[in-house]
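Trainee: Got a structure for you, written out below as structure tokens; questions coming shortly.
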Amino acid sequence: MKKLLWLCAGLLLCAAGPAEDLRVSRGAGGAVASEEETAARVGIEILKKGGNATDAAVAVSFALAVTWPEAGNLGGGGFWLSRDPSGKVLVVDYREVAPREARRDLYIRPNARGIVPSAAEGPLATGVPGTVAGLALAHRRGGRLRWRDLLEPAIRLARDGFVMTENTSASIAWNRERLLRDPETARIFLPGGAAPAPGSTFRQPDLAATLTAIRDRGEDGFYRGSVARSIEEGQRRTGGLISRGDLARYEAKTRPPVRFRFENAEVLTTPAPSSGPALAEMVLLTNLVGPDKLRPRDASSAHWAVEIEKRAYRDRNRYLGDPAFGGVRQNLFTDVTRLRAIAASIRPDRATATKDLRGAESDKPSTTHFSIVDSAGGAVSVTTTLNDSFGNARVAPGLGFLWNDEMDDFATRPGQKNMYGLVQGKVNAVAPGKRMLSAMCPIIVVSGGRVAFVWGTPGGSTIPTTNYQLLLGTLLRHETLEAAVAAPRFHQQDLPDTVQYERGRFEPDWTEGLRRLGHTVVERENSIYNSGLIGRVHGIARNPDGSWTAVADPRRSGAGLVVRPADASPVVRPAGANPVVRPAGANPVVRPADAGPVVRPTP
Ligand code: DON
């Protein structure tokens, strides 16, 4: 019955949407899947002009900062994962860092007025932003078009305005109360006290000026000069810590990717300070307990997945953080001897309580993920965030961009839960210049030497578990990407010791089956942002004929768009791009036979 309701809701959503189905499209000349349609169309235009996936990703990212203020950003950070047509992989970590004046006890010690500052809102919740530096670095490494040409669409959308969509208007309206707290933010996003109406033209001249400085001076247009001076001045006035020195010192970093094999494919994702290693542990544990146990979509397979998620999350909360600081142990996540012992601790017939696991030390908010491929087979997978929806719900005065509230991703004090209910260890304590641990982990799957899938998701702490369940769906169960994205999700993160599941998506025999095994099973909290759902995956799959299917998660509006052959730029397809024979019912590109070696250690 519940499944039927979900299906009806999906049909209604589609029926209410525009005539063109934006959620799933197929085409050969490249593809873009993103949560926001206007920005996705910017990516398609760049591909059509002969830009590669990197160019399109840079342009989409800047466009999202204009059209999707909930999570697109200049004042936040993220993780970039790309693979060029020759197979070269690039990870850019552009996570925010703590300002130099941030001390370990920042959120413990009361201030002069006797108040303990918040890491989740207010002036001290903001980390030094990384987005502009990250995109500049990614462009230097792999872009083909000129930087300024990639900024132009965003500048136009901010300066001349864009036609407000229902999606963005609703997102602003949902966050009205928070956005009203700061007068300048309210002036921009709530003119006359209400969210701009769908169909109206929404202009952001301050943001256009900031983007223009970035267009003309590259990252220096943001981290140095007049924008940096305005940032420092605004921070001083409002009680923030970010100085020009912090901005000038900010550095996006390239990092080796996390690579592991699952079924007949190689999975690429991002390392610490993201949560790719925890995802690797989930998959390697799956291989060790026997993937067949996780193949069905039933309570018994969910039990194995939950027990695996719990153990990988325990390691994440304890051993991951900024690798430039002490205590990070990424090698543990792929250490097979250790993982064997962990796999052996999973009981087939009973849940293991969090308190009984050795070595003990938690979606309302918003992030956004987009996936892009070009006609030559290059792929980019980017997850980017301000943390909470609209971040700190405060714009940088005069500059029109929203500040993040990412400091809450640190372990702010021992035992303290963050906004996702996560209880994290001292390895992720606050320190000057340190990156806070992130759950983000964008994905690229390679099969037969070519990109088979690109995807990722927002969802705070549920990001690694959503990505894990997508890997089980596509690679183990051979579902199409659409089916794997649409399938119901659940989540376990060690603490709290519960299995959260998507509201209205599971039959009673599933929940009862897990309860009988000793799990505490709870419906996902129904917040205004997520309606009790988990994650929003925007991804692309390669079809047997080498064309692409772009998929937007039906959980919320989004766009999966493709370049149709008639539109395509004259990019030459590499030789040997042969279609793969598709086993009946299987996903298009990864064959079940000949599973590769169980573990390929992270470099
Ligand atoms: O980096 C993190 O783990 C969080 N700041 C991500 C926040 C998020 O995904 C919110 N999205 N719905």
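Trainee: All other residues with a Cβ under 12 Å from the Cβ of residue 539 taken together, and with Lys, Arg as +1 and Asp, Glu as -1, what is their net charge? Numbers along the way, then the final one.
Mentor: Numbers: positive: 23, 536, 542; negative: 35, 482, 553.
Charge balance near residue 539 sits at 0.
Trainee: Here is a follow-up. Go ahead and estimate [θ] at 222 nm for the chain from helices alone: -39,500 (n - 2.57) per DSSP H run with n ≥ 4, summed, over the residue count, rounded to 500. All intermediate terms of the calculation are to be shown ahead of the outcome.
Mentor: Numbers: 18 runs with 191 residues, N = 603.
Helices in the chain give a 222 nm mean residue ellipticity of -9500 deg cm²/dmol.
Trainee: Still on this structure: Where a ≥ b ≥ c are the square roots of the eigenvalues of the C-alpha gyration tensor, would you call segment 270-364 rounded, which needs a/c under 1.5, or, failing that, prolate if a/b is larger than b/c, or oblate?
Mentor: Values: a/c = 1.72, a/b = 1.67, b/c = 1.03.
Because a/c hits 1.5 or more and a/b exceeds b/c, segment 270-364 counts as prolate.
Trainee: Among 543-553, 208-218, how do they line up by average Cβ neighbours within 10 Å per residue, starting with the highest?
Mentor: Numbers: 543-553: 22.1, 208-218: 20.3.
Ranking the peptides 543-553, 208-218 by packing returns 543-553, 208-218.
Trainee: Residues of segment 382-403 with amide nitrogen under 16 Å from the 7 Å Cα-to-Cβ point of residue 180?
Mentor: 393-394, by backbone N distance to the label point.
Trainee: With +1 on each Lys and Arg Cβ and -1 on each Asp and Glu Cβ, and nothing else charged, work out how big the dipole of segment 173-331 is about its Cα centre, in Debye to the nearest 20. Intermediate results must be reported in sequence, preceding the final value.
Mentor: Details: 26 positive and 20 negative charges, 37 e Å.
The dipole of segment 173-331 has a size of about 180 debye.
Trainee: Given a 1.4 angstrom probe, I'd like the percentage of the accessible area of segment 240-318 that is carbon and sulfur, rounded to a whole number. The partial results should precede the final answer.
Mentor: Values: 840 of 1940 Å².
On segment 240-318, the fraction of accessible area on carbon and sulfur atoms equals 43 percent.
Trainee: Please give the contour-minus-distance gain from residue 105 to residue 216: 0.36 nm per residue of separation, less the Cα-Cα distance, rounded to one decimal in nm. All intermediate terms of the calculation are to be shown ahead of the outcome.
Mentor: On the way: separation 111, 0.36 × 111 = 39.96 nm, distance 3.96 nm.
In short, 36.0 nm is gained.
Trainee: Go through 422, 486, 191 and say which Cα lies farthest out towards the positive end of the charge dipole of the chain; charges sit on Cβ, +1 for Lys and Arg, -1 for Asp and Glu.
Mentor: It is 422, whose Cα lies furthest towards the positive end.
Trainee: Run the dipole for the chain about the Cα centre, Lys and Arg Cβ at +1, Asp and Glu Cβ at -1, nothing else charged, and hand back the magnitude in debye, nearest 20. Mind showing how you got there, number by number?
Mentor: Values: 78 positive and 63 negative charges, 214 e Å.
Taking the Cα centre of the chain as origin, the dipole is about 1020 debye.
Trainee: I would also like to ask the following. Highest mean first, what order results for 61-70, 379-388, 323-332 on Cβ atoms within 10 Å? Mind showing how you got there, number by number?
Mentor: Working: 61-70: 28.9, 379-388: 30.8, 323-332: 15.4.
Packing order, densest peptide first, comes out as 379-388, 61-70, 323-332.
Trainee: By the scheme Lys and Arg +1, Asp and Glu -1, what is the net charge of all other residues having a beta-carbon under 13 Å from that of residue 331? Show your work: numbers first, answer last.
Mentor: On the way: positive: 329, 338; negative: 281, 315, 335.
Overall, the nearby charge balance is -1.
Trainee: Net charge near residue 398, counting Lys/Arg +1 and Asp/Glu -1 over other residues with Cβ under 15 Å of its Cβ?
Mentor: Numbers: positive: 187, 229, 236, 237, 394; negative: 182, 184, 206, 232, 233.
With Lys, Arg at +1 and Asp, Glu at -1, the neighbours total 0.
Trainee: Same structure again: What ranking, highest mean first, results for peptides 81-87, 314-320 when packing means the other Cβ atoms within 10 Å averaged over each residue?
Mentor: Working: 81-87: 20.1, 314-320: 24.3.
Highest-to-lowest ranking by the protection proxy: 314-320, 81-87.
Trainee: Mind checking the per residue accessible area of the chain for me, 1.4 Å probe, whole number of Å²?
Mentor: Values: 21310 Å² over 603 residues.
About 35 Å² of surface per residue is accessible.
Trainee: Starting from the Cα-Cα distance between residue 254 and residue 297, subtract it from 0.36 nm times their residue separation and give me the gain in nm to one decimal. Could the numbers behind the result be given before it?
Mentor: On the way: separation 43, 0.36 × 43 = 15.48 nm, distance 3.76 nm.
Full-extension gain reported as 11.7 nm.
Trainee: Which percent of the accessible heavy-atom area of segment 503-561 goes to carbon and sulfur, probe 1.4 angstrom?
Mentor: Numbers: 920 of 1930 Å².
Solvent-exposed carbon and sulfur of segment 503-561 make up 48 percent of the total.
Trainee: What are the ³J(HN,Hα) values, in whole Hz, obtained from phi via the Karplus relation 6.51 cos²θ - 1.76 cosθ + 1.60 with θ = phi - 60°, for each residue of segment 123-138 in sequence order, with x given for Gly and Pro?
Mentor: x, 8, 8, 9, x, 5, x, x, 4, 5, 5, x, 5, 5, 5, 4
Trainee: Sticking with this structure for a sec: What is the total of Lys pairs in the chain with C-alpha atoms under 27 Å apart, excluding same-chain pairs fewer than 8 positions apart?
Mentor: Taking the chain as the scope, the lysine pair count is 27.
Trainee: Still on this structure: Just grab the label-to-label distance for residue 356 and residue 520, each label 7 Å out from Cα along the Cβ direction, in nm (one decimal).
Mentor: Result for the modelled spin labels: 1.5 nm.
The values are calculated or read from the model by the stated rules, or taken from the named source; none is laboratory data. Bear in mind the structure is a predicted one, so any value in this text is a computation, not a measurement. Don't worry about glycine lacking a Cβ; one is built from the backbone with ideal geometry, like all the others, and counts go over all protein chains shown. Ligands, DNA and RNA are stripped out before the accessible areas are found, and what is left, the full protein with its side chains, is counted by its heavy atoms. Shrake-Rupley method; radii C 1.70, N 1.55, O 1.52, S 1.80 Å.
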